[in-house]
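The values are calculated or read from the model by the stated rules, or taken from the named source; none is laboratory data. The structure displayed is predicted, hence computed values, not measured ones. With ideal geometry, Cβ positions are generated from the backbone for all residues, glycine too; neighbour counts draw on all protein chains shown.
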Amino acid sequence: MTMVPSSHPEPPLITADELLRMPRGRCREYLLRGQLVQQPYRGARSGHVAVQIMVHLANHVSANELGHVFAPCGFQLAWEPDTVLAPAVAFVRGKPSDELSEGYHQGPPDLAIELVCPSERPNHVDVKVSEWLAAECPMVVVVNPRRRGATVYRARGEVLQLTEDDEIDGGDVVPGWRLWLGEIFD
């Protein structure tokens, strides 16, 4: 079989180090198997919901000295080609005194929280959930402000659909953390 060259050459692969040095400002970006993926910035409602979750989680983590909570920052999940994702909110177990890297965190967080935004392509969140779970992230929560609900994915294959009348339970990933969803949507 003869291969016909594509009229659209594949863009060059980008490394995590190159992504880290790129200028910012146009949009949110992440790296999926070396390919740069661009997304519009979140809207006001999604940004507000992300902060509500982050504050609630950070207060619990700090009071119980469980580790670190992160605003959107990069987590490198794969190498050659590189994959770097940045959830809306993340938690990594450890000591509050643990030194943090200037670069991307190597490996997945213990908890990744993604938000569904109206400006996002429908499959983007599904792809990110698959990447988090493939990298052995113990818990991924996808919050949908428009539908006022969330889906919790566990590394053990459990999937739990929640409504605004339910709570997210940190279980063994974030011991003692419980967040009533209605609280973050009000």
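Residue-wise test of (1) in contact (Cβ under 8 Å) with a residue 24 or more places away in the chain; (2) within 18 Å of the chain's Cα centre (by Cα); (3) at negative phi.
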| residue | (1), (2), (3) |
| --- | --- |
| 144 | yes, yes, yes |
| 151 | no, yes, yes |
| 154 | no, yes, yes |
| 167 | no, no, yes |
| 171 | yes, no, no |
| 186 | no, no, yes |
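Going by the structure shown, is residue 69 touching a Pro at 6+ places or on another chain (Cβ under 6 Å), surrounded by 19 or more Cβ atoms within 10 Å (Cβ to Cβ) and farther than 21 Å from residue 38 by Cβ? Full working, then the answer.
Details: touching a Pro at 6+ places or on another chain (Cβ under 6 Å): no; surrounded by 19 or more Cβ atoms within 10 Å (Cβ to Cβ): yes; farther than 21 Å from residue 38 by Cβ: yes.
Judged against the criteria, residue 69 is not a match.
State yes or no: is residue 88 in contact with a helix residue (DSSP H, G or I) (Cβ under 6 Å, 6 or more places away or on another chain) and either touching a residue at least 40 places away in the same chain (Cβ under 8 Å) or closer than 22 Å to residue 47 by Cβ (or both)?
Values: in contact with a helix residue (DSSP H, G or I) (Cβ under 6 Å, 6 or more places away or on another chain): yes; either touching a residue at least 40 places away in the same chain (Cβ under 8 Å) or closer than 22 Å to residue 47 by Cβ (or both): yes.
Yes; evaluated as a whole, the condition is true for this residue.
Cβ-Cβ distance below 9 Å, separation of 6 or more or different chains: which pairs start in the stretch 45-56 with a residue that is at pLDDT below 95 and end on one that is surrounded by fewer than 19 Cβ atoms within 10 Å (Cβ to Cβ) and of a type in the set (S, T, N, Q)?
Listed pairs, sorted by first residue: 46/119.
Here is a list: 98, 110. Which entry is touching a strand residue (DSSP E or B) at 6+ places or on another chain (Cβ under 6 Å) and acidic (Asp, Glu)?
Working: 98 fails: touching a strand residue (DSSP E or B) at 6+ places or on another chain (Cβ under 6 Å).
After ruling out the rest, the residue left standing is 110.
Tell me, which residue of the stretch 104-139 that is part of a helix (DSSP H, G or I), of a type in the set (A, V, I, L, M, F, W, C) and free of Cβ contacts under 8 Å to residues at least 60 places away in the same chain is nearest to residue 154 (Cα to Cα)?
In this case the residue turns out to be 133.
Name the residues in the stretch 149-176 that are surrounded by 16 or more Cβ atoms within 10 Å (Cβ to Cβ), among the β-branched types (Val, Ile, Thr) and under 25 Å from residue 76 (Cα atoms), would you?
Answer for the stretch 149-176, where residues must be surrounded by 16 or more Cβ atoms within 10 Å (Cβ to Cβ), among the β-branched types (Val, Ile, Thr) and under 25 Å from residue 76 (Cα atoms): 151, 152, 173, 174.
Suppose we keep only residues that are at pLDDT 95 or above and of a type outside the set (Val, Ile, Thr) within the stretch 135-148. Which one would you say is surrounded by the fewest Cβ atoms within 10 Å (Cβ to Cβ)?
Restricting to residues being at pLDDT 95 or above and of a type outside the set (Val, Ile, Thr), the top hit is 136.
Counting only residues that are in a loop (DSSP other than H, G, I, E, B) and out of contact with any helix residue (DSSP H, G or I) (no Cβ under 8 Å at 6 or more places or on another chain), how many does the stretch 45-71 have?
Within the stretch 45-71, the subset in a loop (DSSP other than H, G, I, E, B) is 64-66, 71.
Keeping just the survivors that are out of contact with any helix residue (DSSP H, G or I) (no Cβ under 8 Å at 6 or more places or on another chain) gives 64-65.
Within the stretch 45-71, residues that are in a loop (DSSP other than H, G, I, E, B) and out of contact with any helix residue (DSSP H, G or I) (no Cβ under 8 Å at 6 or more places or on another chain) number 2.
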